[in-house]
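To keep things clear, I will list the structure first and then write my remarks on it.
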Amino acid sequence: ISNHAGGDWNSIEGDLPDMPVRWAIFDPADHDRVMLATEAGIWTTEDVNGDFTHWEPAVPDNGMPYVCVYMLQMRESDKVVLAATHGRGMLTTAVFAAPAAVIVTQPIAYVGQQVVIDGSSSVNANSFLWDFGDGTTSTESKVSHTYTAAGTYTITLTINGAIAKTRQIIILPYLSAPYEPGVAGYAGDFESSPEHFAGYLIQGTAFQRGVSNKPGKDGTHSGSNAWVLGINDNLYQNNSIAELYTPMFDLSQSGLYSLKFWSKYAIQNRNDGFQVEYSTDAGASWKQLGTSSDPNWYNYHNSNLMDGAFPQGKDYFSNAQLNWTQYIRDVSFLAGQSKVSFKYIFKSDAEEQAQGLAIDDFEVSKYEGELKTTLTDFSADYTGAQEVTINWTTGIEYQAQKFILERSYTGFGFTEIAAVNAKGIVSTIPQHYSFVDQSLRNVIYYRLKVINDNPDIGYHLEFYTNVIVVRRDVDPGLVHAVLPNPFRDRISISFSSVINEEIVVRLFDISGRLVRVNTVTPHDVFYELDQLSLPAGVYVLSVQIGDEKASAYKLFTSGQ
């Protein structure tokens, strides 16, 4: 059976004998009742319950022989079922035809969103009276209804003035982002406003709010409540499908957003697991959030497991993480969407069990700083005889496309040596990069050109990082190069490290006359003496760093 339009399947074979099943139909008034056409007649169940489903045959005394049945068809007008047999003709039953109220609607919805509540599949219904549990009613067979407050509501449908059916619907709030500690109304720590989250059980073991003392899912990350799979159960059931829904969020404002939560778990490795899904249409459709290649996210990718709870190609959390661990996923790609909701979904297969999982301190955070790519680290060092490893880390990335790594042996005149694509593009999560350069030089200069671009929003920004120096057997704080020689209107000076103390630069002509003096603190590996307009001749440049002895360099110019 599939509860997700064929997206996944679960066994309900139960105690059904091993024989061909050729057709199946549901009771339109109660989808826990199923009729099967089999090699040995009609078999039915009153309760679809996974591997615990109990099946019974329709005995010949009631008119249906133990004969091969190939097809079942139900007439919509009165719900009479027709069975086509092999060699025994066609037989009918009115077992589904008694008047019955049927309510079809989603189990979880959101404040302010239209919810389709459908009673049109009710059996032999001549009149309808709805009570939506919020003080409103309707006499239509199918209604689009909007709830204005979060909570759990009981929907009641009465048909023909007497036959009633009830069903609960949970309405979750529609909130702005960020949703994090310190923001008014935040309840992602699960200590207040329990109506912000909801567990929904499809089958097996459910999510529950509270605290467990069972190993593998015990305790909380903070406070006294978490959401726990099987809070009082030592092990979860086989063939479980359980969901935990979050509020719906308005992410229509541009910005950088992250989803964060803490979890601990003990789950059958590979076969069972849980993942996070997201919706941008108020829960009408859902997609897997992230992959196992994302840092600090899923730890398993199902590439070849045929009988796991999740199908091949899916990524999810599995195995064991017995310490509370925070998981973070950048969701900035959802910026601009006004109806974003998330849910956790846990699934187990038909074999083996484990303790389960606990989730705490859920957040949707928003970066409030300037939307600009930033670097928190740019460093390099020798990692081999002729090998330099360059590392850099971004704090955030905004429309980041690539990084151009450039190298110089003098401190000026840089050359591109690598182009590295950005990982995050738009991300609030630190991204780490590394490149290995082969070189034998004792002093090497590196810088990064950061290219950010998104033509769709008219954004383009390029900038350079500060220059860093890699040294081998060379002291810091020295003059490394003075160029060009001969010079024209400027003289460039590079150092073997960043100079954060005062330097005095003097330029003398060949007679010893001082023609220029500058006193500066560069805070850089480079300083330039510019706007020179001197006659042709020989000059001496003196560079004094701090209290150290000055260094002198003979230079030439052909004049202006």
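Does the chain come out rounded, prolate or oblate, given a ≥ b ≥ c as the square roots of the eigenvalues of its C-alpha gyration tensor, rounded meaning a/c under 1.5 and, failing that, prolate meaning a/b above b/c? Note, shape of the chain comes out prolate.
Mind ordering 393-404, 17-28 by average Cβ neighbours within 10 Å, highest first? Working shown, then result.
Details: 393-404: 20.6, 17-28: 13.9.
Ranked by mean Cβ neighbours within 10 Å, highest first: 393-404, 17-28.
Over the range 189-262, accessible surface divided per residue gives 36 Å², non-protein components excluded, 1.4 Å probe.
For residue 142, list the lysines whose Cα falls under 17 Å from its own Cα; do not include residues on the same chain fewer than 8 positions away. The qualifying lysines are 165.
Within the same chain, lysines fewer than 8 places from residue 343 are excluded, and of the rest, those with a Cα less than 27 Å from its Cα are 214, 217, 260, 264, 287, 314, 366, 423.
Within a Cβ distance under 10 Å of residue 490, other residues only, what is the Lys/Arg minus Asp/Glu net charge? Walk me through the numbers on the way to the answer.
Details: positive: 488; negative: 489, 528, 530.
Spelling it out: positives minus negatives among the neighbours equals -2.
Here's the picture: charge each Lys and Arg Cβ at +1 and each Asp and Glu Cβ at -1 in the chain, and of 323, 94, 543 the one pushed furthest to the positive end of that dipole is 543. Solvent exposure of the range 364-425, expressed per residue, is 44 Å² of accessible area, with all protein chains present and a 1.4 angstrom probe. Normalised size of the range 290-376, defined as Cα radius of gyration per 2.2 N^0.38 Å with N residues, equals 1.35.
Viscosity 0.692 mPa s, temperature 37 °C: Stokes-Einstein D of the range 394-550 from its Kirkwood Cα radius, in µm² per second? Numbers along the way, then the final one.
Values: Rh = 18.1 Å.
The calculation lands on 182 µm²/s.
By accessible area, using a 1.4 Å probe on protein heavy atoms only, the range 97-204 has 49% of its surface on carbon and sulfur. Using only the C-alpha atoms, the convex hull of the range 189-244 corresponds to 69 Å³ per residue. How much net charge surrounds residue 545 when only other residues with a Cβ under 15 Å from its Cβ are counted (Lys, Arg +1; Asp, Glu -1)? It works out to a net charge of -4.
Considering only DSSP beta bridges with both partners in the chain, what is the antiparallel share in %, to the nearest 5? Before the final figure, lay out the partial values.
Numbers: 165 of 172 bridges.
For the chain, the DSSP antiparallel bridge percentage is about 95.
Kirkwood hydrodynamic radius of the range 1-124, from the reciprocal of the average inverse Cα-Cα distance over all distinct pairs: 16.0 Å. Put simply, when 375-387, 202-214, 291-303 are sorted by average Cβ atoms within 10 angstrom per residue, most first, you get 202-214, 291-303, 375-387. Each Lys and Arg adds +1 at its Cβ and each Asp and Glu adds -1 at its Cβ; summed about the Cα centre, the range 1-91 shows a dipole of about 520 debye.
How about residue 549: which aspartates and glutamates have a C-alpha closer than 15 Å to its C-alpha, ignoring those fewer than 8 places off in the same chain? Answer for residue 549, where 15 Å is the Cα cut-off: 475, 501, 502, listed by chain and number. Highest mean packing first, where packing is the average number of other Cβ atoms within 10 Å per residue, the peptides 272-281, 157-166 line up as 272-281, 157-166. Given +1 at the Cβ of Lys and Arg, -1 at the Cβ of Asp and Glu and no other charges, the dipole of the chain around its Cα centre is 1600 debye to the nearest 20.
Is the range 150-309 rounded, prolate or oblate when judged by the Cα gyration tensor, a ≥ b ≥ c being the square roots of its eigenvalues, rounded requiring a/c under 1.5 and prolate requiring a/b larger than b/c?
Details: a/c = 1.42, a/b = 1.16, b/c = 1.23.
The shape class here is rounded.
Under the criterion of Cα pairs below 8 Å and six or more residues apart, the relative contact order for the chain equals 8 percent.
Tally up the carbon and sulfur contribution to the accessible surface of the range 227-372 as a whole percent, 1.4 Å probe, everything protein left in place. Display every interim value, and only then the final one.
On the way: 2160 of 5400 Å².
On the range 227-372, the fraction of accessible area on carbon and sulfur atoms equals 40 percent.
Solvent exposure of the range 69-187 amounts to 49 Å² per residue of accessible area, where only protein heavy atoms count and the probe is 1.4 Å.
For residue 186, what is the net charge nearby, where nearby means another residue's Cβ is under 9 Å from its Cβ and Lys, Arg count +1, Asp, Glu -1? Summing Lys and Arg as +1 and Asp and Glu as -1 gives -3.
Over all distinct Cα pairs, what is the inverse of the mean 1/r for the range 406-459, reported as the Kirkwood hydrodynamic radius in Å? Could the numbers behind the result be given before it?
Working: mean 1/r = 0.0729 Å⁻¹.
In the range 406-459 this quantity evaluates to 13.7 Å.
Remark: relative contact order (the range 211-323) = 25 percent; criterion is Cα-Cα distance under 8 angstrom and separation of 6 or more residues.
When both the range 59-125 and the range 140-216 are represented by their alpha-carbon centers, they are found 30 Å apart. With the gyration tensor restricted to C-alpha atoms of the range 249-329, the semi-axes of the equivalent ellipsoid amount to 24, 17, 11 Å, longest first.
Spin-label model, residue 516 to residue 489: label points 7 Å out along the Cα-to-beta-carbon direction sit 1.2 nm apart.
The values are calculated or read from the model by the stated rules, or taken from the named source; none is laboratory data. Every value quoted in this text rests on a predicted model; they were computed, and no experiment measured them. So basically every Cβ, Gly included, is an ideal-geometry build from the backbone, and we count neighbours across all protein chains shown. These area figures cover heavy atoms from the full protein model, side chains too; ligands, DNA and RNA do not enter into them. Shrake-Rupley method; radii C 1.70, N 1.55, O 1.52, S 1.80 Å.
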